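Asks: Got a structure here, written out as structure tokens. Questions coming.
The values are calculated or read from the model by the stated rules, or taken from the named source; none is laboratory data. Every value quoted in this text rests on a predicted model; they were computed, and no experiment measured them. Using ideal geometry, Cβ is built from the backbone for each residue, glycine included, and neighbour counts are taken over all protein chains shown. Surface accessibility is based on the protein's heavy atoms, side chains included, excluding ligands, DNA and RNA. Shrake-Rupley method; radii C 1.70, N 1.55, O 1.52, S 1.80 Å.
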Amino acid sequence: MKTLVIIGAGKGLGLSLAKRFGKENFQVAIVARNAGKLQEMVDELKAVGIEASYFTADIYSKEQIEQAITGIKEKYGHIDVLEFSPTPGHFPPTSVLELTAENARDVLEGYVVSAIHVVNAVLPDMLAKKEGSLLFTTGLSAMYPVPMMGNIGIAGAGLRNYLANLHTELSSKGIFVGHRSLGVFIKEPGIGTINDPDVIANMWYQAYAEKKVWEEEYPKGVTPETVVF
């Protein structure tokens, strides 16, 4: 079986991703801070026949990230696909006119520095095998200026630059780097619209399976003026 790891897993997109990949015979490891919510997700996944387990880690802690990845490899032996979609931050989305060093630095640590720690923990094994996928889900402010998302946008744009460089370096080494920038407000699963997390999860599985387009906004062509609520 292949192994999917979801960093920042929640009951919205994270759970939908786990179910979608689980249907394709993936075993799933979910990582976040709240053990209680993670256990509920594992129970739900196992109830539909998906092998799953959880590992707790604070995205701001390099040591906890490394411990979680080590634990996953000890349990499952390998990591084939990693999806990164945490919602970190000790500050709310902040207007560009209200930015401070503190609220900007906080989300940079939560998105960019944590992504570097996660990639550094899983990439050596993928390079040794010459295969693997690194999937990153961000908001639309990673690709477009959105003044009301001043601090989030700085972090998202920095993360996007890092991912573009990873794609450039790794595409010839058998490793797929994928980035999808969501221009939707995610709703409840099961409604069947483009902001249904199950629909987004299916989009991600297709992107992973095809490995044709490394980066794209979702839905294709969306802009800050046409975000789907």
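Asks: Between the helical axis of 13-22 and the dominant principal axis of the chain, each derived from Cα atoms, what acute angle in degrees is found, rounded to the nearest 10?
Replies: Taking Cα atoms only, the helix is inclined about 30 degrees.
Asks: What is the Cα coordinate range of the chain on the first, second and third principal axes, sorted by size from largest, in whole angstrom?
Replies: 48, 39, 38
Asks: Sticking with this one: So, with a 1.4 angstrom probe, what is the percent of accessible area on the chain that is carbon and sulfur?
Replies: Within the chain, the accessible surface is 54 percent carbon and sulfur.
Asks: If you don't mind, another one. How about LYS23: which lysines have a C-alpha closer than 18 Å to its C-alpha, ignoring those fewer than 8 places off in the same chain?
Replies: LYS23 reaches LYS2, LYS11, LYS46.
Asks: Dipole of the stretch 102-173, Cα-centred, from +1 at each Lys and Arg C-beta and -1 at each Asp and Glu C-beta, to the nearest 20 debye?
Replies: On the way: 5 positive and 6 negative charges, 48 e Å.
It comes to approximately 220 debye.
Asks: Before I look further, what does the chain give for accessible area per residue, probe 1.4 Å, in whole square angstrom?
Replies: I get 47 Å² per residue for the chain.
Asks: Nearest 10 degrees is fine. How inclined is helix 150-170 to the longest principal axis of the chain, computing both from alpha carbons?
Replies: The helix 150-170 is inclined about 50 degrees to the chain.
Asks: Taking the Cα centre as origin and putting +1 on Lys and Arg beta-carbons and -1 on Asp and Glu beta-carbons, what dipole magnitude results for the chain, to the nearest 20 debye?
Replies: Working: 21 positive and 26 negative charges, 95 e Å.
Rounded to the nearest 20 debye, it is 460 debye.
Asks: Can you give me the convex hull volume of the Cα atoms of the stretch 93-193, divided per residue and expressed in Å³? All intermediate terms of the calculation are to be shown ahead of the outcome.
Replies: On the way: hull volume 12.3 nm³, N = 101.
Taking only Cα atoms, the stretch 93-193 has a hull volume of 122 Å³ per residue.
Asks: Does anyone have the angle between helix 197-210 and the longest principal axis of the chain? Alpha-carbon axes, 0 to 90°, nearest 10?
Replies: 70 degrees
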